[in-house]
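Just so it is clear, none of the values below were taken in a lab; they were calculated from the coordinates. Just so it is clear, the model here is predicted, and its values are computed rather than measured. Heads up, the Cβs are rebuilt from the backbone with ideal geometry, glycines too, and the neighbour counts pull from every protein chain shown.
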Amino acid sequence: MKKHFETEAIRTQIERTQYTEHSSPLFLTSSFVFDDAEQMQASFAGENDKNIYSRFSNPNNKELVDKICVMEEAEAGIAFASGMAAVYTSFAALLKSGDHIVSARSIFGSTHSLFTNVFPKWNIETSYFSVDKPEGIEDIIQSNTKVIYAETPTNPGVDILDLAFLGAVAKKHNLILIIDNCFATPYLQQPIKYGADLVIHSATKLIDGQGRVLGGLIVGKGDLIAEIHTFYKNTGSALSPFNAWILSKSLETLAVRVDRHCENALTLALHLEKHPKIIAVKYPFLTSHPQYAIAKKQMRHGGNIVTFQLDGGLEAGQAFLNKIEICSLTANLGDSRTIVSHPATTTHSKLSPEDRLEVGITDGLVRLSIGLENIKDIIADIDQALDKI
Ligand SMILES: Cc1ncc(COP(=O)(O)O)c(C=O)c1O
């Protein structure tokens, strides 16, 4: 019987042990034992699904992956030590020297650094298309292009890309479409339904939701996941079983948490739109968002990230952060605690000022990751900080 999203998030569990526990236990073990030499030989030969060593597989990682596969409607998946381990491993496993990546220009800073500083060392180049002119994508596809890569919503600009459009282009050119679904989570958006071959998550964000552990996930087509898994087993980016246990428990509450995150974010975005000190507010479910119609088409709600522009550049952005009393100044997002950050001087400081401007990161841009506090307190904190600058 096909169950609803929330039910799957709670009821997808690994098999009970002989201790008949209700909630899944933690399998904090590096390796697993065999009944005899023949079983050990068969396991190493891949003739059964038995766990061997936690760098390859572990029951807690399996539960997390099974859950996220159900949520994303994916065939298979892998759990990684961080979101960046998932991003890096997917490309390193699937690409070879001479291959080419087509990517949206607006992507997370570390992913941009991989494309700019790491992959060129192995003769893998990247060409970029603008999120506001995605139709330009076909002009930059080359005969050696293997992958189309995008985030939607993007970090930090909360730009939206049309997943159905990307899916159609990838299919037409026989390319692997990889979507970083970190800002939306499978509760708000399921890229595979639109033609994505692989979906990546930084589980560190809304999937954990309480700022405790790092984690990453890749889910998607079985054959691609199998190829990535071979590379993964030998390169040591496995998620710790403890973190997998935390993240699997977190998924049980994803839907209720994300509903509230989004409700709070929309309330705040509507409030900020009217604030005299703010030049512009961006949130996917504001009618003023340039891709509002696409966001409405492919997302359940608008997510928990709101950005706004202050007049006065770097100085104003940093002055605002310095006046904040409740919200946290920290690098993370998707936490139960509201976070304020200044991308130009932090997450995206490695980009040149020109590259930053191209993806809409002005010096006065502030990114808010809206938490689960009472939104009236968050609005009051932001208002008092704005009053003082
Ligand atoms: C969109 C996106 N992708 C990937 C990552 C990397 O994830 P992690 O920090 O878990 O390595 C981040 C981190 O902020 C992110 O925002």
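With no solvent and one equal point scatterer placed on each C-alpha of segment 254-387, evaluate the Debye formula and give log10 I(q)/I(0) for q = 0.14, 0.16, 0.19, 0.21 Å⁻¹, two decimals.
-0.60, -0.80, -1.13, -1.36
Count charges around residue 346 for me, please; just the other residues with Cβ under 12 Å from its Cβ, Lys/Arg as +1, Asp/Glu as -1.
+3
Would you list the membrane-span-like helices of the chain, meaning whole DSSP H runs whose alpha-carbon atoms span at least 30 Å along their axis and whose mean Kyte-Doolittle value is at least 0.0?
TM-like helix candidates: nothing returned.
GNM on the chain, C-alpha springs below 10 Å: top fluctuator among 114, 251, 272?
Of 114, 251, 272, the Gaussian network model singles out 114 as fluctuating most.
Which listed residue (34, 19, 184) has the Cα farthest towards the positive end of the charge dipole for the chain, taking +1 on Lys and Arg C-beta and -1 on Asp and Glu C-beta about the Cα centre?
Farthest towards the positive end: 184.
Show which lysines lie in cross-link reach of residue 323 when reach means a straight Cα distance below 24 angstrom and same-chain residues fewer than eight apart are skipped.
List returned: 274, 277, 282, 376, 388.
List the pairs from 172/193; 96/121; 62/171; 146/171; 133/350 whose alpha-carbon separation is above 19 Å, in the order I gave them.
Result: 62/171; 133/350 exceed 19 Å.
Restricting to bridges with both residues inside the chain, how much of the DSSP beta-bridge set is antiparallel, in percent to the nearest 5?
Bridges in the chain are about 55 percent antiparallel.
Would you mind ranking 233, 205 by Cβ crowding within 10 Å, fewest neighbours first?
Ascending number of Cβ neighbours within 10 Å: 233, 205.
Using +1 at the Cβ of each Lys and Arg and -1 at the Cβ of each Asp and Glu in segment 306-362, identify which of 345, 327, 310 lies farthest towards the dipole's positive end.
Most positive-ward Cα: 327.
From zero outward in steps of 5 Å, how is the percent of C-alpha pairs of segment 39-156 spread across the bins?
2, 9, 16, 17, 16, 14, 11, 7, 5, 2, 0, 0
By counting other Cβ atoms within 10 Å of each Cβ, how are 62, 221, 193, 133 ranked from fewest to most?
Lowest count first: 133, 193, 221, 62.
Can you put 232, 283, 194 in order of Cβ neighbours within 10 angstrom, beginning with the fewest?
194, 232, 283
If the only charges are +1 at each Lys and Arg Cβ and -1 at each Asp and Glu Cβ, what is the size of the charge dipole of the chain around the Cα centre, to the nearest 20 debye?
For the chain, the charge dipole is close to 260 debye.
Convex hull over the Cα atoms of the chain, averaged projected area in nm²?
20.1
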